Every structure is written in structure tokens, then in C-alpha cells.
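The values are calculated or read from the model by the stated rules, or taken from the named source; none is laboratory data. Given the structure is predicted, the values throughout are model-derived calculations rather than measurements. Positions of Cβ are generated from backbone atoms using ideal geometry, with glycine treated the same way; all protein chains shown enter the neighbour counts.
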Amino acid sequence: MRPSLSSTRVIGAANVAVILLAVLALMVLPGEDPPAPAAKTGQASLRQPPRAATPTSTATPPATAPVSPSAQPSEPGPGTGQPPAVVATPEFAKQVKANEAGLVPVIMYHRIIKKRYASIDRTPDQLRRELEKLAKQGYVPITAAEFAAGRIAVPAGKFPVVLTFDDGHSSHFGLDAAGQPKKDTAVAIINDVARRYPSFRPVATFWVNHYPFGLQKEAEQAAAVQWLHRQGFEVANHTWSHPNLRALSTKKAREQIVRLERMLKRLGVPPSTTLALPFGNLPHKKKAAAKGEWGGTPYKFDGVFLAGAEPSLSPFAKGYDPGAIQRIQSNGKKGECRKWCSQYWLEWLEKHPGWRYVSDGDPERISIPRKLQGNINPKRRAQVNAY
Ligand SMILES: [Zn+2]
């Protein structure tokens, strides 16, 4: 709920400009062709051997990488439902068409209710259908915290997706008398889809204000957020009372963030590593969103998330801004969502698989076609596995 239409339009227009620039930047990188359009089979055809690559390239594979083209299982990954890690060789990365500088959809949901009142509301059926579509297309959810930290432990050949729910609405989560997620809540639907599609990892991010999930009593709030945390879901900061941070002084903006952090601490969950901006609006002093202090309590986020309107760059990509991460509103293709909402973008990514983030199954290495390696943030160069 709550984004204003005018600010959404402004953000939308700004985002169009940003993605056009990003597309142009990718196209003009020296010696690097843009990904070819998808063939009829839906397979990317961009993996031509590079003509100019030399063994002295900056992206020499790590010395420890085995020469076998097949990935070798290593120890199981940490956390809930993480796949066993593999060691990706260049040959293996090529086989699975890994592209870890590609685009990642971070989908933004608000209320999940049977009778929609606002265009950004989704029904339980709409959420279920979207999650099933993601599962069938090969997406695997990770949390916003994992995304922002670059902990993308998704099986080889699969695509990360981040499911995010704003405002801590009661339709996102609640426990029934038996201690199970209430029917038709976001959590119940995510768990149900994961049961039927075992590759679909049941995790998501819930960005809450005070009164998380509509709960008034502190004991109920604590039980809810601790249950989610134990199950691998992320509960994190959406400010105390959901103000427009742009309209506040820097001090007041920091107070809004810190008061919510103090609440989460009282409720017994770890400090937030991500923040979603109310209305997608940054404070005047942009850096105050990511890091600061109020009343002696510091905060520091790996990622600050906007409210629209395109897939995010990979956290390993040159140009990725952890202080302003893009999201996509979940919606069909009507009205303002003719473009820029989830149905549009998920169809676009299916038609342009060369632009999508494709995992190599190896969280330690960043695999990418050699001709696209210029798209990786130079600070990550030591991790690059180019093929
Ligand atoms: Zn909100």
C-alpha cells in the first residue's frame, strides 16, 4: 500500500532512463557484443568463443579449479535449503550458460487479499500463480539479505529471484491455533508452492514497520518474527512509521530507522542488513539511508531498496548501487503496468535469457562469458571465472 502515483511515475521515468543507459553501457563495452536475441527454442545463443581473449586475461580461472568439465560436489551450503556447493570450472560454467553479472528480478508485493482495493494489491491466487510460474521457469528464491551480501547460493543453471513484502501486513504472515502459517497468507502460499516444486526454496523478505503483521502485543510480535527467522525468512527494516524520508531532516530519518532496529532487537531477531525505503524515496542525504546512528544506536545496511521499476543489476556487476537497488512491482500488464511490472519483466527475461543472471552453482566464483567479463565490478576480479 501507500506509494503515491506521482512519485511512482517520476521513479518510473527515471528508471527508464537508467536502464537505457545501462543497456547502452553494456553495448559500447569494447569488443563486447550485446547478447544475441533468443533463438526460437528460448535458448541464448550468445556464447560464442571470444576472438580476442588471451591467457593473460585478468580473468584467469582460479588455480584451484579442477579441469574436469563436471562440477564437483563439496560440502553442503549453509542455511535453510541451500544446495550443496559445487566448484565451477570454466567448462562447467559454459555448459550451464552461467552469467553472474546478469539481471535479477526483486519482486515487490504489498497486501495479499481476496478483494483488491488498490492496484498494487494481489490476490492469494495471483501470488500463487506467479510463484508457480517462477518455479517452472527455473527461478530459486533468495532473501534480500543474501542478494545484497552477494551470497547467491542457487543451483547451477538456475536463476535467483528475491521475493519482498512491504509494510508487514497481516496478509503476509500469522500463525493459526496449531502454530502453522494461516491459510492464504504469503508465507503459507510460498511454503505450499515449495512443497510442490522442490527446487523452489521457501524464503522471502518481510520489510516491516512498527506493529509487524498487524500484531499489537509484543509477545505476539516476537513469536511471529522469531518463527520467520527460524524458518529462513528475513524480517528487516521499513522504518518505524513509514514516512516519506525525503521530507524529513537527516536526524529524523535516522530516528525512523533506529526505532525500528531497536524494536527488532527487543523482539529477538538479528539487526537488519537491508532497508526498503517507504515510497521508494531516499532521504536528502542519500548515504543516511545505508549507514548512520541515532541516540547512540548505529545501523548499517548491505542494501537499500527502491520501489520500482526494473530488474536489479547483479550485485557483482559494475554499476550496481547497493544504496539504491531496483525492484519490480508484482502486477499484470494493464495501465501503468503495461511495462515495468512483474508480468512484463518476467516475459522480457524469458525472451532475453542472455540478460538474465544464471548461476554457476558455486557461491565462491563469479562465472561469466569471457566477452562479458568487463561487466564485473573490478573489486570482484579475483573471483571471476570466465569462459
Ligand atoms: Zn511501504
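Being away from the ligand (no atom under 16 Å from the Cβ) and crowded, with 21+ Cβ neighbours inside 10 Å narrows it down to one residue among D302, D321, D360; which is it? Walk me through how you get there before you give the answer.
On the way: D302 fails: crowded, with 21+ Cβ neighbours inside 10 Å; D321 fails: crowded, with 21+ Cβ neighbours inside 10 Å.
Only one candidate qualifies: D360.
Regarding region 215-233, can at least one residue be identified that is within 15 Å of the ligand (Cβ to nearest atom) and at pLDDT 95 or above? No.
Filtering K291, K333, K287 for residues that are away from the ligand (no atom under 16 Å from the Cβ) and touching a residue at least 12 places away in the same chain (Cβ under 8 Å) leaves a single hit, K287.
Can you say whether G308 is in contact with a helix residue (DSSP H, G or I) (Cβ under 9 Å, 6 or more places away or on another chain), over 17 Å from E146 (Cβ atoms) and surrounded by fewer than 16 Cβ atoms within 10 Å (Cβ to Cβ), as far as the supplied structure shows? Before the answer, list the steps.
On the way: in contact with a helix residue (DSSP H, G or I) (Cβ under 9 Å, 6 or more places away or on another chain): yes; over 17 Å from E146 (Cβ atoms): yes; surrounded by fewer than 16 Cβ atoms within 10 Å (Cβ to Cβ): no.
Spelling it out, it is not the case that G308 is in contact with a helix residue (DSSP H, G or I) (Cβ under 9 Å, 6 or more places away or on another chain), over 17 Å from E146 (Cβ atoms) and surrounded by fewer than 16 Cβ atoms within 10 Å (Cβ to Cβ).
Set side by side, the residues D125, D167, D121, D176 differ, and just one is more than 24 Å from G232 (Cα to Cα) and more than 14 Å from the chain's Cα centre (by Cα), which is D121. Taking W294, is it touching a Lys or Arg at 6+ places or on another chain (Cβ under 6 Å) and not β-branched (V, I, T)? Yes. From P198, P141, grab the single residue that is outside any helix (DSSP H, G or I), closer than 24 Å to N331 by Cα and not aromatic (F, W, Y). Residue meeting the stated conditions: P141.
Taking the criterion of being at pLDDT below 95 and of a type in the set (F, W, Y), the only residue of region 93-138 that qualifies is Y117.
Check region 207-214 and report whether any residue there is within 23 Å of W240 (Cα to Cα), surrounded by fewer than 23 Cβ atoms within 10 Å (Cβ to Cβ) and polar (S, T, N, Q). Steps first, please.
Residues of region 207-214 that are within 23 Å of W240 (Cα to Cα), as a first pass: 207-214.
From what's left, surrounded by fewer than 23 Cβ atoms within 10 Å (Cβ to Cβ): 209-211, 214.
Applying the additional criterion that residues be polar (S, T, N, Q) yields 209.
Among the residues of region 207-214, at least one is within 23 Å of W240 (Cα to Cα), surrounded by fewer than 23 Cβ atoms within 10 Å (Cβ to Cβ) and polar (S, T, N, Q), which makes the answer yes.
When region 267-284 is filtered for residues that are more than 16 Å from the ligand (Cβ to nearest atom) and of a type in the set (V, I, T), the ones remaining, listed by number, are V269, T273.
Listed here are the residues, each with its yes/no results for (1) over 21 Å from C341 (Cβ atoms); (2) among the hydroxyl-bearing types (S, T, Y).
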position	(1), (2)
K115	no, no
V140	yes, no
A145	yes, no
A148	yes, no
D167	no, no
T185	yes, yes
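Out of the residues in region 91-138 that are in contact with a His (Cβ under 8 Å, 6 or more places away or on another chain) and either part of a loop (DSSP other than H, G, I, E, B) or more than 16 Å from the ligand (Cβ to nearest atom) (or both), which is farthest from V203 (Cα to Cα)? Residue satisfying both the conditions and the ranking: A118.
Among the candidates R201, R195, the residue that is buried (at least 23 other Cβ atoms within 10 Å of the Cβ) and of a type in the set (K, R) is uniquely R201.
What is the number of the single condition among (1) within 16 Å of the ligand (Cβ to nearest atom); (2) among the aliphatic types (A, V, I, L, M); (3) farther than 20 Å from P311 by Cα; (4) at pLDDT 95 or above that A156 does not meet? For A156, the exception is condition (1). Within region 208-218, the set of residues being assigned to a helix (DSSP H, G or I) and within 12 Å of H172 (Cβ to Cβ) comprises P212, F213, G214. Condition (residue is under 24 Å from T123 (Cα atoms), in contact with a Pro (Cβ under 8 Å, 6 or more places away or on another chain) and at pLDDT 95 or above) applied to region 237-246: is it met by at least one residue? Yes: region 237-246 contains one or more residues that are under 24 Å from T123 (Cα atoms), in contact with a Pro (Cβ under 8 Å, 6 or more places away or on another chain) and at pLDDT 95 or above.
Every condition in (1) closer than 17 Å to E130 by Cα; (2) away from the ligand (no atom under 16 Å from the Cβ) holds for H172 except the one numbered (2).
Report yes if some residue within region 215-231 is closer than 28 Å to G332 by Cα and touching an Asp or Glu at 6+ places or on another chain (Cβ under 9 Å); otherwise report no.
First, the residues of region 215-231 that are closer than 28 Å to G332 by Cα: none.
No, region 215-231 contains no residue that is closer than 28 Å to G332 by Cα and touching an Asp or Glu at 6+ places or on another chain (Cβ under 9 Å).
Of the residues making up region 305-318, those that are within 16 Å of the ligand (Cβ to nearest atom) and not small (G, A, S) number 2.
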